[in-house]
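J.: Sharing a structure below in structure tokens format, with a few things to ask.
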Amino acid sequence: ECNARQKKAFMNVYHACNWIVGGWENTMQDNPEDSEEYKGAKAWLDDREGLMNYIYSEVISTVYHEGAMFWGASEERYLRDIRFCGKAWIMERIDRRLRKMGY
């Protein structure tokens, strides 16, 4: 059973993955395959370890909500709760989310 901190972390992972992966997927859809934008987005999505590490750094430093991001001192308590879950636990959630998204 998840505790309140884990629920916050889970939701932040969920929304961060949607925001980040969705952004790169949109870049690929909006640009021709031979463009630098497309190639850059594809490279990020193809580098699973790099993608996981980037998402982890975002999850512990930025609060993601559906369709929005928040940061700053007012969010520090929220982020502290998320970081308290530990890197291994958070990375496992990122891994599971990315697998559900097809990555």
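J.: Only one of these is part of a helix (DSSP H, G or I), modelled with pLDDT of 95 or more and open to solvent by 40 Å² or more (accessible area, probe 1.4 Å): Arg96, Arg5. Name it.
T.: Exactly one of Arg96, Arg5 is part of a helix (DSSP H, G or I), modelled with pLDDT of 95 or more and open to solvent by 40 Å² or more (accessible area, probe 1.4 Å), namely Arg96.
J.: Further question on the same structure: Would you check if there is a residue in region 62-74 being farther than 30 Å from Asn3 by Cβ, outside any loop (DSSP other than H, G, I, E, B), open to solvent by 40 Å² or more (accessible area, probe 1.4 Å) and of a type in the set (A, V, I, L, M)? Break it down stepwise before answering.
T.: Quick first cut of region 62-74, residues farther than 30 Å from Asn3 by Cβ only: none.
No, there is no match, as no residue in region 62-74 is farther than 30 Å from Asn3 by Cβ, outside any loop (DSSP other than H, G, I, E, B), open to solvent by 40 Å² or more (accessible area, probe 1.4 Å) and of a type in the set (A, V, I, L, M).
J.: Which count do you get for residues in region 44-61 that are in a loop (DSSP other than H, G, I, E, B) and either among the hydroxyl-bearing types (Ser, Thr, Tyr) or open to solvent by less than 50 Å² (accessible area, probe 1.4 Å) (or both)?
T.: 2
The values are calculated or read from the model by the stated rules, or taken from the named source; none is laboratory data. Model, not experiment: these values are computed from the prediction. FYI the Cβ positions are ideal-geometry reconstructions off the backbone, even for glycines, and counts take in every protein chain you see. SASA here: full protein model, heavy atoms, side chains in, ligands and nucleic acids out. Shrake-Rupley method; radii C 1.70, N 1.55, O 1.52, S 1.80 Å.
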